[in-house]
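Trainee: Below you'll find the structure I mean.
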Amino acid sequence: MSAQTLYDKLWASHVVREEDDGTVLLYIDRHLVHEVTSPQAFEGLKMAQRPLWRVSSIVATADHNTPTDHWEDGIKDPVSRQQVETLDANIKAFGALAYFPFRDRGQGIVHVMGPEQGATLPGMTVVCGDSHTSTHGAFGALAHGIGTSEVEHVMATQCLVAKKSRNMLVRVEGDLGTGVTAKDVALAIIGRIGTAGGTGYAIEFGGSAIRSLSIEGRMTLCNMAIEAGARSGLVGVDEKTIAYVKDRPFAPKGELWDKAVAYWQTLHSDEGARFDTVVEMRAEDIRPQVTWGTSPEMVTDIGGRVPDPARESDPVRKASIERALTYMGLVPDTPISEIPVDIVFIGSCTNSRIEDLRAAAEVARGRRKAESVERVLVVPGSGLVKAQAEAEGLDKVFIEAGFEWREPGCSMCLAMNADRLQPGQRCASTSNRNFEGRQGQGGRTHLVSPAMAAAAAVTGRFVDVRAL
Amino acid sequence: MKAFTTLDGLVCPLDRANVDTDAIIPKQFLKSIKRSGFGPNLFDEWRYLDHGEPGMDNSRRPVNPQFVLNFPRYHGAQVLLARENFGCGSSREHAPWALEDYGFRAVIAPSFADIFFNNCYKNGLLPIVLPADVVDRLFAECEASEGYRLTVDLAAQTVTTPAGEVFGFEITAHRKHCLLNGLDEIGLTLQHADEIRAYEARRRAEQPWLFA
């Protein structure tokens, strides 16, 4: 057999049948479910009197709507509460392998919860009604977001109707400098190829800089593949992957573990495998990144400046920059390091894992929130991350620095709960999208790494964390 | 699903690149547990001057007269003309639900984001990719001529302008078949239930840890 990419292998091993036009029934191993994109799917099953094809493929949690403070009061917003209670009722009626409801110790952002429970395993197909499902590709799993009709389709048939994507390799060679993180790599890649650069592709991230990343870092990177337009991001399996998965609650044990590991070790692109597109980057060229606009591709590094639309010749792009600067309240050519921030948000499925909190705490330790910063929210990705952070004393570091230590959830990444920006507020955020209104109507989002967010919190503006 | 065969519809031009699903339907409306009723909140933050929340009487809200959807000449539009990377961002199917509920049956753009593109087909909303220079011309024609309409023929895979110019577009045979006939895709897939079971049995033998 000719050399295959990792994506080719994962795809081929899940094809149930193929039509003449290349449309495939793709078998789905793991279906992650949350409250926002599932109610209409369960409703569809009920109306057609269809059962779940495979109950044990489903792992569910409530994350988008849940509050991150005063859990004793429950969910105050009645519309949010109804959505979460609808998930409770649907799981009760239909069943699941596991359910981590609101206030459960295992509850968390679905893309943090899945891997930490061992519900995401190498070689699986993983879907969820959420675009950041690409996160799970960090394990050498084929993972992508789907819409609600597809959620219902997978529930009823265990399959997706799908067409194969093309293969892209983004290779980052060299050593990342101190203070340069997976988030900076992700933003630098998006800055290079654009938010539609990966459309129609599955992106595999390779090269020595990617291999050197922890599993948490690889999750951050794959999480943002969708912001480059690719539904799936992938990193090949290595010893770090296997070490991360071992002994997790839903990981295989004993003889099955050995058998699984033997298979997982084949989950990497073969020598000489052909990619349709290859993008090469040098790790040494990547500096801490900050977005300045309303699309993740509108990004520069901490030494950069806000662009001047007058220098852009493409009329559509020029209009986009003008709109973005108006929305963001920024003047052309302003140095990034002179932009003050009002709010800092450390959390989201991109950057709320223990490693992210450690990086933020390292910067916050012994420092105080700047007077000019109104509030700093630290929202752990799950109950287990929260417990781990507290065991390490990180919560105290944040509280002593004047940051707020919250309960887990999606929170201000998309502002479906009460955590949101007010119009005109400027936020340094570790989340994944700086779209207009994303963190609250009129809110202004700058995407950064956890360390850069913490540095902005203690200085009141964007600063190079490496010089702090 | 509503079948799609032919459409002769008024065109509304939305001249912005990278229109994301947060713009198409803001997050507060995702709290609904229904599939319908999203039309009044389509492009909510651009369309109204106040902050929208679920349960508001949208007919009493102040509209933004600068936003193209509110121009009287585009009332009743069924074809949305858009720019590159339309529908980027989240997987929320509420985005095509909102477009469809508003009355759009087709979106024409030089490119679409993958998940949004896929979601459209599940809802009788036809996403049509045309070359960027053709889209440029359609924008110019549409803005120059009030009452500008386009005719879409799915069986023939064509878009026809008022001057009789015809542009072809691509669609997979499977999607075309489902749209033309308004088919329930789950029902179609379940016709292959035996094959799915056979695949599962094979996989259970080869990778038993996935079924433990």
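Since every read-out is calculated from the coordinates, none of them should be taken as a lab result. Computed from a prediction, not measured in an experiment: that's the story for all the values here. Cβ coordinates were reconstructed from backbone atoms using ideal geometry, including for glycine residues, and neighbour counts include every protein chain displayed.
Trainee: In Å and whole numbers, how far do the C-alpha atoms of the range B:6-172 stretch along each principal axis, longest first?
Mentor: Largest to smallest, the principal-axis extents are 44, 33, 25 Å.
Trainee: Amide H to amide H under 5 Å from B:V107: which residues, 5+ apart in sequence or cross-chain, H placed 1.01 Å off N in plane?
Mentor: Those qualifying (amide H under 5 Å, at least 5 residues apart or on another chain) are B:L80, B:L126, B:I128.
Trainee: Can I ask one more? Only Lys, Arg, Asp and Glu count, each charged at its Cβ (+1, +1, -1, -1), so figure out the dipole size of the range A:1-101 about its Cα centre, rounded to 20 debye.
Mentor: Taking the Cα centre of the range A:1-101 as origin, the dipole is about 380 debye.
Trainee: Order of A:I226, B:I24, A:I193 from fewest to most other C-beta atoms within 10 Å?
Mentor: Starting with the residue having the fewest Cβ neighbours, the order is A:I193, B:I24, A:I226.
Trainee: Continuing with the same structure: Once phi is turned into θ = phi - 60°, what whole-Hz ³J(HN,Hα) does the Karplus curve with 6.51, -1.76 and 1.60 give for every residue of the range B:104-119, x standing for Gly and Pro?
Mentor: For the range B:104-119, the Karplus curve yields 6, 10, 8, 10, 10, 7, x, 7, 10, 6, 4, 5, 4, 3, 5, 5 Hz.
Trainee: Residue by residue, what Karplus-based ³J(HN,Hα) values in Hz, rounded to whole numbers, does the range B:162-176 have, using 6.51, -1.76 and 1.60 with θ = phi - 60° and x for Gly and Pro?
Mentor: Values, residue by residue: x, 7, x, 6, 10, 10, x, 9, 9, 7, 6, 4, 5, 5, 4 Hz.
Trainee: Shielding by partners for A:138-147, please: the mean number of other protein chain Cβ atoms within 10 Å of each residue's Cβ.
Mentor: For peptide A:138-147, the averaged partner shielding equals 3.
Trainee: Ok, one more. If the only charges are +1 at each Lys and Arg Cβ and -1 at each Asp and Glu Cβ, what is the size of the charge dipole of chain A around the Cα centre, to the nearest 20 debye?
Mentor: The dipole of chain A has a size of about 180 debye.
Trainee: In whole Å, what are the Cα extents of the range A:289-467 along the three principal axes, biggest one first?
Mentor: Here the Cα extents, ordered largest to smallest, are 54, 35, 25 Å.
Trainee: Taking amide H atoms as placed 1.01 Å from N in the peptide plane, list the residues 5 or more away in sequence, or in a different chain, whose amide H sits under 5 Å from that of A:G442.
Mentor: Placed amide hydrogens put A:G437 under 5 Å from A:G442.
Trainee: If you don't mind, another one. For a quick size check, give me the Cα extents of chain A along its three principal axes, largest first, whole Å.
Mentor: So the extents along the principal axes, rounded to whole Å, are 56, 55, 44.
Trainee: Return the average number of partner chain Cβ atoms within 10 angstrom of each residue Cβ along peptide A:432-445.
Mentor: Working: counts 2, 6, 0, 10, 6, 10, 7, 2, 4, 8, 2, 0, 0, 0.
Mean partner-chain Cβ count within 10 Å for A:432-445: 4.
Trainee: Helix-derived [θ] at 222 nm for chain A: sum -39500 (n - 2.57) over DSSP H runs of at least 4, divide by residue count, nearest 500? Walk me through the intermediate numbers first.
Mentor: Working: 15 runs with 145 residues, N = 468.
Roughly -9000 deg cm²/dmol at 222 nm, from the helical runs in chain A.
Trainee: In whole Hz, what ³J(HN,Hα) sequence does the range B:188-201 give by Karplus (6.51, -1.76, 1.60; θ = phi - 60°), x for Gly and Pro?
Mentor: The phi angles translate into 4, 5, 5, 5, 9, 4, 5, 5, 5, 5, 5, 4, 4, 5 Hz.
Trainee: Can you pull the mean other chain C-beta count within 10 Å for peptide A:121-134?
Mentor: For peptide A:121-134, the averaged partner shielding equals 2.
Trainee: Do the sum for chain B: with -39,500 (n - 2.57) for every DSSP H run of n ≥ 4, divided by all residues, what is the mean residue ellipticity at 222 nm, to the nearest 500 deg cm²/dmol?
Mentor: Dividing the helical sum by the residues of chain B leaves -8500 deg cm²/dmol.
Trainee: Given H placed on each backbone N at 1.01 Å, which residues far from A:Y201 in sequence or on other chains put an amide H within less than 5 Å of it?
Mentor: A:R166, A:R231
Trainee: For chain B, set up a GNM with springs between Cα atoms under 10 Å and report which of B:L180, B:L154, B:L188 has the largest fluctuation.
Mentor: Fluctuation is largest for B:L188.
Trainee: Still on this model: Let me know the charge dipole size of the range A:289-467 about its Cα centre in debye, to the nearest 20, where only the beta-carbon of Lys, Arg (+1) and Asp, Glu (-1) is charged.
Mentor: Dipole size: approximately 100 debye.
Trainee: So which of A:K259/B:K176; A:K164/A:K259; A:K92/A:K253; A:K9/A:K246 end up more than 31 Å apart, counting from Cα to Cα?
Mentor: A:K259/B:K176
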